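Have a look at the structure below before the remarks.
The values are calculated or read from the model by the stated rules, or taken from the named source; none is laboratory data. For clarity, every value in this text was computed on a predicted model and none was experimentally measured. Ideal geometry is used to build each Cβ from the backbone, glycine not excepted, and the neighbour counts take in all protein chains shown.
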Ligand code: GDG
């Protein structure tokens with residue numbers, strides 16, 4: 001098997017297995033932004049992608065797909081339950097999102113996490129050429145950088161963390177806090193969404209491991225008494241803005257947006273929420289504020305509709321089952337209290353939609369509500385503004401998202417402050433066109449200039465620079 005100069009390692013491969021009308025199996029590119037961003041780089045570098053094909057117990061040989069060599073890592077049903085649903089999504093996810101839900105600490109889950117991370121590291125080590133570059137993605141694979149460095153000291157290793165990194169007071173709950181920090185420090189470049197995340201990480205390293213940190217550099221002592229440098233800093237991720245603009249210009253998408261408005265009875269204002277059904281997204285807080293505005297008569301059900309798309313997510317994890325029950329109870333209470341025969345306060349959709357439909361919804365919405373309690377970045381906020389080519393529409397954005405650092409012209413809110421959130425929703429609903437235009441232009445400028453292509457270019461450049469610096473310091477000693 002030829003080895004690649006650039007290898008991406010992620011929990012999931014960039015393809016989904018689909019069954020055709022005659023029962024035949026095929027692969028289809030998954031819709032995510034990361035996949036789109038990396039596609040040209042992977043093609044140019046004859047890159048390889050290591051990841052799980054998405055179904056338990058599926059054994060597949062490596063294969064080529066649209067210019068990328070795909071290396072499947074097989075997971076058993078037990079691995080999925082313990083490593084993925086357990087340690088990744090029921091320990092790390094809640095802990096790193098500031099303990100919004102209670103993290104569960106299980107030694108059995110941890111053992112599976114170590115075992116599966118080792119398998120990913122082994123697969124990456126076999127796929128990458130001598131002196132090559134490996135870019136590891138996200139919290140499911142925090143131990144891979146160190147494991148990979150032990151197997152292949154010749155490599156340049158990067159790691160990007162898509163979710164927040166918590167303050168040390170919370171991080172220190174993790175029974176395996178040392179091993180995880182050491183795992184991440186195996187990378188030459190460790191990327192975070194926000195400056196604050198990189199700061200929390202550096203602080204955890206100082207407090208827990210007593211390593212020296214200076215600006216973005218962390219000095220990592222080695223067994224032979226020498227040291228190496230790991231660099232930890234922010235690389236805020238973005239979206240493939242031009243593809244959203246292209247969709248927003250399509251006549252059939254625009255027609256669909258008008259059709260959506262009409263099917264809701266052409267309300268004066270449409271508010272929109274689009275989230276995976278996840279407790280980090282603050283959907284309950286949003287519903288509470290909106291419900292109170294209706295109950296108090298500040299909004300009238302004849303004038304407004306909230307469309308809430310809550311796409312199904314992690315449905316086998318207990319906390320997600322409970323959340324679904326809570327949200328659906330709240331939605332039906334509000335609708336039951338205020339709906340009329342002809343008007344509904346909330347159109348709730350527990351479904352996933354094609355991207356065209358999402359863009360039509362963005363175009364139909366006067367106000368976009370992003371009320372996350374904690375969110376690494378929040379791409380939905382960026383997608384909404386990218387599609388608003390008419391410079392109209394208002395983004396209400398939680399301060400607790402990474403996007404908030406870059407999107408100062410949004411109406412920024414603290415979702416815990418329900419009165420404040422209500423006032424902000426009213427301000428958004430009533431905002432004059434000129435102010436919408438001024439804010440939206442500034443938001444769009446930022447997202448269009450800093451798209452996901454710029455993000456991946458900056459990260460790859462940082463890895464190349466790290467390689468040069470390390471080569472220079474080796475010649476110097
Ligand atoms: C993690 C971090 C960080 C949602 N429903 C549908 C659909 N979506 C798309 C959205 C958006 C994506 O899924 C969700 O991205 P977010 O950034 O909002 O949130 P997470 O899934 O939690 O992502 C996050 C991100 O990684 C990247 O680093 O920003 O903080 O938590 O693109 O549009 N897309 C379609 N149908 C749906 O029903 N087609």
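Within segment 454-470, not a single residue is within 16 Å of the ligand (Cβ to nearest atom), within 20 Å of the chain's Cα centre (by Cα) and in a loop (DSSP other than H, G, I, E, B).
The single condition among (1) within 22 Å of residue 370 (Cα to Cα); (2) within 16 Å of the ligand (Cβ to nearest atom); (3) touching a helix residue (DSSP H, G or I) at 6+ places or on another chain (Cβ under 9 Å); (4) modelled with pLDDT of 95 or more that residue 250 does not satisfy is (1). Give the residue, chosen from 291, 282, that is under 27 Å from the mean Cα position of the chain (by Cα) and at pLDDT 95 or above. That would be 282, the only listed residue that is under 27 Å from the mean Cα position of the chain (by Cα) and at pLDDT 95 or above. For segment 133-147, the set of residues classified as touching a residue at least 60 places away in the same chain (Cβ under 8 Å) and crowded, with 21+ Cβ neighbours inside 10 Å consists of 133, 134, 135, 136, 137, 140, 141, 144, listed by residue number. Scanning segment 142-183 for residues that are within 16 Å of the ligand (Cβ to nearest atom), within 20 Å of residue 48 (Cβ to Cβ) and touching a helix residue (DSSP H, G or I) at 6+ places or on another chain (Cβ under 6 Å) yields 158, 159. When each of 223, 232, 202, 187 is tested for being in contact with a strand residue (DSSP E or B) (Cβ under 6 Å, 6 or more places away or on another chain), assigned by TED's automatic domain parsing to the domain that holds residue 459 and either free of Cβ contacts under 8 Å to residues at least 12 places away in the same chain or assigned to a helix (DSSP H, G or I) (or both), the lone residue that passes is 202. Scanning segment 1-17 for residues that are within 18 Å of residue 355 (Cβ to Cβ) and touching a helix residue (DSSP H, G or I) at 6+ places or on another chain (Cβ under 7 Å) turns up just one, 14. Among the residues of segment 259-284, those identified as within 16 Å of the ligand (Cβ to nearest atom) and either part of a helix (DSSP H, G or I) or farther than 15 Å from residue 350 by Cα (or both) are 260, 279, 280, 281, 282, 283. Considering segment 398-407, and only residues there that are under 19 Å from residue 287 (Cα atoms) and within 12 Å of the ligand (Cβ to nearest atom), the residue that is surrounded by the fewest Cβ atoms within 10 Å (Cβ to Cβ) turns out to be 400. Against the list (1) in contact (Cβ under 8 Å) with a residue 60 or more places away in the chain; (2) surrounded by fewer than 21 Cβ atoms within 10 Å (Cβ to Cβ); (3) within 22 Å of residue 287 (Cα to Cα), the condition residue 454 fails is (3). Taken over segment 398-444, the residue count meeting the criterion of being over 20 Å from the mean Cα position of the chain (by Cα), part of a loop (DSSP other than H, G, I, E, B) and in contact (Cβ under 8 Å) with a residue 40 or more places away in the chain is 1. Of the strands (runs of 3 or more DSSP E) contained entirely in segment 1-92, those carrying at least 1 residues that are within 16 Å of the ligand (Cβ to nearest atom) and either outside the structural domain of residue 116 (by TED's automatic domain parsing) or within 23 Å of the chain's Cα centre (by Cα) (or both) fall at 4-12, 15-19, 25-29, 48-52.
The single condition among (1) crowded, with 19+ Cβ neighbours inside 10 Å; (2) in contact with a helix residue (DSSP H, G or I) (Cβ under 9 Å, 6 or more places away or on another chain) that residue 53 does not satisfy is (2). Filtered by the rule that a residue be surrounded by fewer than 18 Cβ atoms within 10 Å (Cβ to Cβ) and touching a helix residue (DSSP H, G or I) at 6+ places or on another chain (Cβ under 9 Å), segment 18-35 gives 29, 31. Residue 210 passes all but one of (1) over 30 Å from residue 385 (Cα atoms); (2) crowded, with 18+ Cβ neighbours inside 10 Å; (3) free of Cβ contacts under 8 Å to residues at least 60 places away in the same chain; which number fails? Evaluating residue 210 over (1) over 30 Å from residue 385 (Cα atoms); (2) crowded, with 18+ Cβ neighbours inside 10 Å; (3) free of Cβ contacts under 8 Å to residues at least 60 places away in the same chain leaves (2) as the failure.
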